[in-house]
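> Here you go, one structure.
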Amino acid sequence: MDLVDIQHEIDALSIEQQAALLDWLTERGRLRWDGEIERDFSSGGLGADLLDHVKAQVQRGASTPMAKARQRR
């Protein structure tokens, strides 16, 4: 089955079934994204160095918490 076949099958679904499929695909994508973020920002991940840098900035007081920055607006 190729993509065109899948699209035809989706078109044949009821509106309710299409909505359920969309919900499932959305949740599936969210879980994959969450997993990618978790891997990237865990020890040895692609974003670990950036996270360490940001944590160091916060510890030395070189950044402003978002809540305080919003209060100044």
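> Consider only pairs whose beta carbons are under 7 Å apart and that are at least six residues apart or on different chains; among these, list those whose first residue lies in the range 49-61 and is surrounded by 11 or more Cβ atoms within 10 Å (Cβ to Cβ) and whose second residue is among the acidic types (Asp, Glu).
none
> Would you please list the contacts, defined by Cβ atoms under 9 Å and residues six or more apart or on different chains, that run from a residue in the range 16-30 that is surrounded by 10 or more Cβ atoms within 10 Å (Cβ to Cβ) to a residue that is at pLDDT 95 or above?
These pairs meet every condition: Gln17/Ile10; Gln18/Ile10; Gln18/Asp11; Ala20/Leu13; Leu21/Ile10; Leu21/Leu13.
The values are calculated or read from the model by the stated rules, or taken from the named source; none is laboratory data. This one's a predicted model, so the numbers in the text were calculated from it and none came from an experiment. Using ideal geometry, Cβ is built from the backbone for each residue, glycine included, and neighbour counts are taken over all protein chains shown.
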